[in-house]
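Inspection log for the structure reproduced underneath, given as C-alpha cells.
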Amino acid sequence: MSRPIFAHIDRQALRHNLDIIRQRAPNSRIMGVVKANAYGHGLQAVLPALETADSLAVASMEEALQLRHLGWNKAILLLEGVFEASELNECIAQQLSVVVHQREQLQMLLAHQFSAPLQVFVKLNSGMNRLGLNPADYHASIQALRQVPMLSHLTQISHFATADEIHGVAEQMQVITPHFAAHPYPISLANSAAIFRHPDTHRQWVRPGIALYGASPFQGISAEDLQLKPVMTLHSRIIAIQTLQANQAVGYGQNWIANCTTRVGIVACGYADGYPRHAGTGTPILVENQRTHTLGRVSMDMLCVDLTGIPNAQIGSPVVLWGEGLPVEQVAQAAGTLNYELLCARAQRVPEQNT
Ligand SMILES: *Cc1c(COP(=O)(O)O)cnc(C)c1O
C-alpha cells in the first residue's frame, strides 16, 4: 500500500478550458504552454486533452523531446530558444521552433549551417525587460534573418508584464504595434490574462498557460468567474487522529495550541509533496467534502487539520488539498503565493491519476 496522496488530472476539464479559450480568441491559433511539466500536471497526463491545440510551448529541449517521444507531431516552440549551437541540429531533426531573444543567440543562428528550414520566433523586449531584442535592434535583426532562406519563416513575439493588472498592456502595445506592423509576419502576444482581458492582443497566435489548467490569472477573479474548471485536484487521507486537551500543541514549534478539547486530523501531505510550508493555521482544506482549516506548521510529509464540526471524520477519510471544491487560489492566498507556484510545485513523488 502506498501513501494515500495523489493528483487527479481531469482531462475533461482541460478540454473544457481549451474550448473556453477558443471562444475567447476565436480567430487565433492556440499554442498551449506546457513548460514546467505542464505546470506540474505532467506532460503525459495532459497531452491527450491538448490534441486540438495547434502548437505547444516548452522551456527546454528535454521537454520538447519528451513531447515528441509521447507522439506529439505538431509544432513545438522553445520559449527561451537554444542555449548552445549544438542544439540547433536537434531542432532541425525534431522540427522544433525557436525563440531568438538576444544578440548572441541571433549570431549563433546566423552562423549555423542549416540542412533544413528552422522556424524562428523573433522576440521583442517591449517593457518586460526579461527576454527580447532591444527595440533599436529589432528591424535589423528581422532583416538579417529574412536574408537567410533557411531562417526566413518568421513569427513576431513579445510578452506582457502586467496583462493581469490594472496597469494593463497599453504601454507595451505602444512599443509593439509600430515595430510589428513594419513586417508581414504573424504575431504572438497574449498569455492567459491577455486572452481574457485584452482582445486587441490576440492576433495570429495566443499562448495560454494557467487558464488551460483551470486556474485564474487574475488576483480577485476566480477561475469559476472565467468559466474555467480545475484540472488538478490534490487528494490525500487522514492517517491519524489526535484528541488534544486545552493547552496542548500540535506539530513542530508547538505554534498552535488548543484552547479547548479539539480533534485533530493528521493528513498525509507535506511540503515534500509540494504543499506550501508557508500556509499557516487557517488555510482552507476539505475533509469528507466539508470545509475546515489547517492547524500549526506544515511538515515534510504531514499537516494537521481541525476536525471540529466533522464528527464523521475517521482514519482513511478523504482530504482535498486543492482543486475540485477548493480553488487553488484560496490555498495560494493563505500561503502568500500564487496558484502558478502551487501547481508547478507538485512533487515527483505524488503520482498522477488520470481520467
Ligand atoms: C509561461 C508563458 C506563457 C503563459 O503564461 P500564463 O500566464 O500561464 O498564461 C505565455 N508566454 C510566455 C512567453 C511564457 O513564458
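Restricting to segment 298-327, and then to whatever is closer than 16 Å to E288 by Cβ and among the β-branched types (V, I, T), can you tell me which residue is nearest to the ligand (Cβ to nearest atom)?
The selected residue is V320.
Just to verify a result, which residue in segment 148-172, among those that are part of a helix (DSSP H, G or I) and buried (at least 20 other Cβ atoms within 10 Å of the Cβ), is farthest from the ligand (Cβ to nearest atom)?
Looking only at segment 148-172, we keep the residues that are part of a helix (DSSP H, G or I), and these are 149-151, 170-172.
Those left that are additionally buried (at least 20 other Cβ atoms within 10 Å of the Cβ): 151, 172.
Values: L151: 20, Q172: 13 Å.
Filtering segment 148-172 for residues that are part of a helix (DSSP H, G or I) and buried (at least 20 other Cβ atoms within 10 Å of the Cβ), the one farthest from the ligand (Cβ to nearest atom) comes out as L151.
Wholly within segment 10-49, which helices (runs of 4 or more DSSP H) include no fewer than the required count, namely at least 2 residues that are away from the ligand (no atom under 16 Å from the Cβ)?
Values: elements: 11-24, 35-39, 43-46.
In segment 10-49, 11-24, 43-46 are the helices (runs of 4 or more DSSP H) which contain 2 or more residues that are away from the ligand (no atom under 16 Å from the Cβ).
Given the residues L343, L338, L321, which is the only one that is closer than 21 Å to E224 by Cα, of a type in the set (A, V, I, L, M, F, W, C) and free of Cβ contacts under 8 Å to residues at least 40 places away in the same chain? It would help to see each step written out before you state the result.
On the way: L343 fails: free of Cβ contacts under 8 Å to residues at least 40 places away in the same chain; L321 fails: free of Cβ contacts under 8 Å to residues at least 40 places away in the same chain.
The conditions single out L338.
Do you know which residues across segment 1-55 are more than 20 Å from L228 (Cα to Cα) and buried (at least 23 other Cβ atoms within 10 Å of the Cβ)?
I5
I want to confirm something. Restricting to segment 328-352 and keeping residues that are more than 16 Å from the ligand (Cβ to nearest atom) and surrounded by 17 or more Cβ atoms within 10 Å (Cβ to Cβ), which single residue is nearest to H235 (Cα to Cα)? Walk me through it before giving the result.
So the first thing to find is which residues in segment 328-352 are more than 16 Å from the ligand (Cβ to nearest atom), and the list is 330-331, 333-336, 347-352.
The next check asks that each one be surrounded by 17 or more Cβ atoms within 10 Å (Cβ to Cβ); those that pass are 331, 333-335, 350.
On the way: V331: 14, Q333: 19, A334: 18, A335: 18, V350: 10 Å.
Once the filter is applied, the top-ranked residue is V350.
Count, please, the residues in segment 293-310 that happen to be over 20 Å from Q330 (Cβ atoms) and of a type in the set (A, V, I, L, M, F, W, C).
Number satisfying all stated conditions: 2.
Does at least one position in segment 81-89 carry a residue that is buried (at least 22 other Cβ atoms within 10 Å of the Cβ) and within 13 Å of the ligand (Cβ to nearest atom)?
Yes, there is a match, as at least one residue in segment 81-89 is buried (at least 22 other Cβ atoms within 10 Å of the Cβ) and within 13 Å of the ligand (Cβ to nearest atom).
State which residue pairs qualify: first residue closer than 19 Å to G81 by Cβ and at pLDDT below 95 and inside segment 142-166, second residue more than 11 Å from the ligand (Cβ to nearest atom) and not polar (S, T, N, Q) in any location, beta carbons under 7 Å apart, and separation of 6 or more residues or different chains.
Pairs that qualify, where the first residue is closer than 19 Å to G81 by Cβ and at pLDDT below 95 and the partner is more than 11 Å from the ligand (Cβ to nearest atom) and not polar (S, T, N, Q), are S152/L145; S152/R146.
Does any residue of segment 212-222 turn out to be assigned by TED's automatic domain parsing to the domain that holds K123, under 30 Å from T52 (Cβ atoms) and either more than 16 Å from the ligand (Cβ to nearest atom) or in contact with a Gly (Cβ under 8 Å, 6 or more places away or on another chain) (or both)?
Yes - at least one qualifying residue is present in segment 212-222.
Within segment 242-262, how many residues turn out to be surrounded by 15 or more Cβ atoms within 10 Å (Cβ to Cβ) and within 35 Å of the chain's Cα centre (by Cα)?
3
Let me confirm something: among L110, L77, which residue is of a type outside the set (D, E), out of contact with any Ser or Thr (no Cβ under 6 Å at 6 or more places or on another chain) and surrounded by 13 or more Cβ atoms within 10 Å (Cβ to Cβ)?
Working: L77 fails: out of contact with any Ser or Thr (no Cβ under 6 Å at 6 or more places or on another chain).
Being of a type outside the set (D, E), out of contact with any Ser or Thr (no Cβ under 6 Å at 6 or more places or on another chain) and surrounded by 13 or more Cβ atoms within 10 Å (Cβ to Cβ) holds for just one of L110, L77, which is L110.
Anything in segment 230-263 that is away from the ligand (no atom under 16 Å from the Cβ) and in a loop (DSSP other than H, G, I, E, B)? List them, or say none.
Pass one, segment 230-263, residues away from the ligand (no atom under 16 Å from the Cβ): 233-263.
Those that are away from the ligand (no atom under 16 Å from the Cβ) and in a loop (DSSP other than H, G, I, E, B): Q245, A246, N247, Q248, V250, G251, N255, W256, A258, N259, C260, T261.
Which of (1) assigned to a loop (DSSP other than H, G, I, E, B); (2) within 18 Å of the chain's Cα centre (by Cα) is the odd one out, the single condition A193 does not satisfy?
So the condition that A193 fails would be (1).
Among the candidates Y185, Y138, which residue alone is away from the ligand (no atom under 16 Å from the Cβ), more than 23 Å from the chain's Cα centre (by Cα) and assigned to a loop (DSSP other than H, G, I, E, B)?
Details: Y138 fails: assigned to a loop (DSSP other than H, G, I, E, B).
Unique residue meeting the criteria: Y185.
The values are calculated or read from the model by the stated rules, or taken from the named source; none is laboratory data. This is a predicted model, so every value here is computed, not measured. Positions of Cβ are generated from backbone atoms using ideal geometry, with glycine treated the same way; all protein chains shown enter the neighbour counts.
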